[in-house]
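Below: one structure, written as structure tokens.
The values are calculated or read from the model by the stated rules, or taken from the named source; none is laboratory data. Note that the structure is predicted; figures quoted are calculated from it, not measured. Because the Cβ atoms are built from the backbone with ideal geometry, glycine has one as well, and the counts that use them run over all protein chains shown.
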Amino acid sequence: MTGNYSNAEDILQEAFMTAFKNLVQLKDPDSFGGWLKRIVVNECIRHGKNGFAWSEWSEEQTDTLADEATEWWSTVSLEVLHKEIKKLPDGCRQVFVLYAMEDYSHRDIATDLGVSESTSKSQYHRARKLLRERINIQIAIHG
Amino acid sequence: MGELKKYLQQHKEEMAFDEPGPLLWEKITSPPAKKQPGKLVKFVARFAAAAVVLVMLVTGIKFLTKEKATETIPSVAKLDQTPASHIPDTAVKIVTPEIKDTIKPVQNVAIKEKKKPDERYALMNSFQDSYGQLVNYQLQNIRATPVYAENPAYFNDFKTRLYQMDNDEASIRKSIRKNGISNTLIEQLINVYQQKLDVLKSLQQEINKMNTRVQQETPPDSLNKFYLNI
């Protein structure tokens with residue numbers, strides 16, 4: 001979610017500190033994994049909340065997203081896909097990871113990041129578009 | 001659920017390529033570091049500095065506006081006393097209209113004084129100049145920075161935001177011309193300038209980031225270069 005290894009480590013450390021401080025709030029020890037993950041995600045959101053450039057959603061973008069037929073993402077290895085996700089610009093990378101990987105709804109993302117639902121959608125679309133373009137460049141260069 | 005999302009969900013576990021290093025686990029298991037109080041102190045210091053600047057600005061504006069209002073009060077009082085000395089020791093009924101007659105022109109004088117150019121206009125012009133110079137400096141930097149590989153349309157988000165902020169600025173100026181200056185409008189104008197600077201800074205960072213990435217990955221011969229027209 002941070003796109004940066006050292007930031008990710010800092011956030012993970014802070015998340016563990018938060019978890020240890022608030023361990024008394026955890027009622028069911030079996031749900032520790034999910035609870036800790038939620039803390040980590042919240043720390044990531046808090047860390048990157050400011051300074052993003054957001055754009056708005058338009059109907060045309062909805063159409064292009066729906067019309068996408070080819071599964072371009074399966075044409076490269078998971079490692080390349082992972083690398084390209086990390087290189088996405090800050091704002092849209094967070095939205096993309098929260099929506100596509102952490103299974104958040106656009107409404108939840110909007111609430112957590114303090115943006116509108118349409119902004120969350122537009123950032124997800126932007127991330128997809130950039131990923132597709134960049135993966136196509138990778139294929140053109142490396143085959 | 002979209003196909004891409006399904007695909008990523010299915011392979012989520014396989015995509016855990018970045019494992020935390022052993023040093024991090026050592027840090028987590030060791031006693032809390034001194035880092036946190038330092039961060040808190042820094043934040044408090046920054047917050048206090050920002051608060052002081054804000055208070056000084058608001059106090060300055062209030063002081064300038066209040067000073068004018070108090071200047072008019074003594075002149076009303078002085079003129080009000082003069083006719084009273086001419087009043088003969090007659091009935092009270094006669095005194096009342098005389099006082100009213102003298103007060104009316106004095107009130108007009110006070111109103112005329114208020115219509116003098118507001119000093120906040122000078123204040124506004126001075127920060128407009130300073131912010132304007134900063135914004136122009138950032139714009140010139142961005143215009144002079146070569147951008148590699150990506151489609152120029154990639155930066156349309158930034159352009160749209162800057163365009164929207166220009167519109168906001170124009171509407172605030174229009175409102176000042178129409179309704180006169182107010183502290184709220186001044187604050188709105190300052191906010192627009194600050195937002196402009198933030199967006200330009202983000203744009204510059206994004207260009208630099210992208211240039212570094214593209215230059216690392218693309219052979220120099222096949223690099224496409226263009227300049228942003230903003």
query = Applying the selection to the range A:79-109, what residues are more than 24 Å from B:S202 (Cα to Cα) and of a type in the set (A, V, I, L, M, F, W, C)?
reply = A:V80, A:L81, A:A100, A:M101
task = Give the residue that is farthest from A:I137 (Cα to Cα), with candidates limited to residues of the range B:157-216 that are away from chain A (no Cβ under 14 Å) and among the β-branched types (V, I, T).
result = B:I181
message = Exactly one condition in (1) at pLDDT below 75; (2) within 14 Å of chain A (Cβ to nearest Cβ); (3) surrounded by fewer than 11 Cβ atoms within 10 Å (Cβ to Cβ) is false for B:Q81; which is it?
response = (2)
inquiry  = What's the total number of residues in the range B:133-163 that are free of Cβ contacts under 8 Å to residues at least 60 places away in the same chain, surrounded by fewer than 17 Cβ atoms within 10 Å (Cβ to Cβ) and either touching a helix residue (DSSP H, G or I) at 6+ places or on another chain (Cβ under 8 Å) or not small (G, A, S) (or both)?
reply    = 8
query = Looking at B:V214, B:V135, B:V199, which is the one that is part of a helix (DSSP H, G or I), aliphatic (A, V, I, L, M) and under 23 Å from A:T119 (Cβ atoms)?
reply = B:V199
key: Selected residue (only one of B:E169, B:E150 is modelled with pLDDT under 85 and acidic (D, E))   = B:E150
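Yes or no, residue by residue, for (1) in a helix (DSSP H, G or I); (2) touching an Asp or Glu at 6+ places or on another chain (Cβ under 6 Å); (3) modelled with pLDDT under 75:
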residue: B:I28; (1), (2), (3): yes, no, no
residue: B:P32; (1), (2), (3): no, no, yes
residue: B:G38; (1), (2), (3): yes, no, yes
residue: B:V44; (1), (2), (3): yes, no, no
residue: B:F47; (1), (2), (3): yes, no, no
residue: B:V55; (1), (2), (3): yes, no, no
residue: B:G60; (1), (2), (3): yes, no, no
residue: B:T65; (1), (2), (3): yes, no, no
message = Quick check on this structure: which one of A:L36, A:L81, A:L98, A:L65 is surrounded by 15 or more Cβ atoms within 10 Å (Cβ to Cβ), facing another protein chain (nearest Cβ under 9 Å), at pLDDT 80 or above and not in a loop (DSSP other than H, G, I, E, B)?
response = A:L81
